[in-house]
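Read the structure below first, then the notes.
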Amino acid sequence: MTDDIIKKIMDIDKTFYKEKFTFEWYRKRNDEENIVFCLYDKNELVGYSAVSGIKEKLYNEIKSGKYKNDYKFDYKMFDKDSPFKYLSSINILEDYRKKGFGTKLLNKTLRYFKKYNIIALTVSRGGYALLNKKMKLIKQVSSDVSVFEN
Ligand SMILES: CC(C)(COP(=O)(O)OP(=O)(O)OC[C@H]1O[C@@H](n2cnc3c(N)ncnc32)[C@H](O)[C@@H]1OP(=O)(O)O)[C@@H](O)C(=O)NCCC(=O)NCCS
């Protein structure tokens, strides 16, 4: 994930997440080589799906329902070479939602990582609806937070 992509992702995230994160926060969890699937309208980035490698310990903790969000994941638990993957975010600008683009981004992501374990935490109704189509619900952490696995 290049610096330029991180800056564009930050702009998209600002439109949805209440919490604000610094460039450093993104960079520490996204190596230059981290995979991001991008949705463009002409030359403008309008959505993305991002995946990070994480250590097996963190993977199992997420799976057990330990976390309600990922804001405070320890940077040391990220490892781009790990076979355990974390779908850290799928976010699409509002004007482009509910048109099937989320499904396309998720399909591409799951296809690319099909040989790996991939886990995700959903924190929104849209996220739940999307992941519930293609992944297995393995834990309901709270009324609005769920864990999905491939
Ligand atoms: C989640 C998100 C990526 C889904 O993308 P999308 O392009 O709207 O998804 P799709 O159009 O492919 O729709 C996928 C399914 O989810 C459903 N869905 C989408 N948004 C929904 C919502 N807010 N509430 C309920 N269902 C929803 C669609 O109806 C569709 O179901 P169907 O295939 O049975 O008709 C998009 O809504 C988004 O960016 N939301 C803001 C960020 C976010 O919540 N990210 C996930 C955090 S865990």
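The values are calculated or read from the model by the stated rules, or taken from the named source; none is laboratory data. Just so we're clear, the structure is a prediction, and the values are computed from it rather than from any experiment. Backbone-built Cβ (ideal geometry, glycine too); neighbour counts: all protein chains shown.
What to note about this one:
- Residues that are surrounded by fewer than 17 Cβ atoms within 10 Å (Cβ to Cβ) and more than 13 Å from ASP31 (Cβ to Cβ) within segment 68-93 comprise LYS68, ASN69, TYR71, LYS72, ASP74, LYS76, PRO83, listed in sequence order.
- In the set (1) surrounded by fewer than 17 Cβ atoms within 10 Å (Cβ to Cβ); (2) touching a helix residue (DSSP H, G or I) at 6+ places or on another chain (Cβ under 9 Å); (3) within 18 Å of ALA120 (Cβ to Cβ), the condition left unmet by PHE37 is number (1).
- Enumeration of residues in segment 40-64 that are farther than 20 Å from TYR116 by Cα and surrounded by fewer than 21 Cβ atoms within 10 Å (Cβ to Cβ): TYR40, ASP41, LYS42, ASN43, GLU44, LEU45, VAL46
- Verdict on LYS133 being over 21 Å from ASP13 (Cα atoms) and basic (Lys, Arg): yes
- Filter result (among the polar types (S, T, N, Q) and more than 15 Å from the chain's Cα centre (by Cα)) within segment 99-149: GLN140, SER142, SER143
- Selection within segment 113-138 - crowded, with 18+ Cβ neighbours inside 10 Å and either assigned to a helix (DSSP H, G or I) or of a type outside the set (A, V, I, L, M) (or both): THR122, GLY127, LEU130, LEU131
- Here is the figure for segment 66-110: residues that are within 13 Å of the ligand (Cβ to nearest atom), free of Cβ contacts under 8 Å to residues at least 40 places away in the same chain, of a type in the set (Ser, Thr, Tyr) and outside any strand (DSSP E or B) total 1.
- Flag for ILE35 being modelled with pLDDT under 95 and of a type in the set (Val, Ile, Thr): yes
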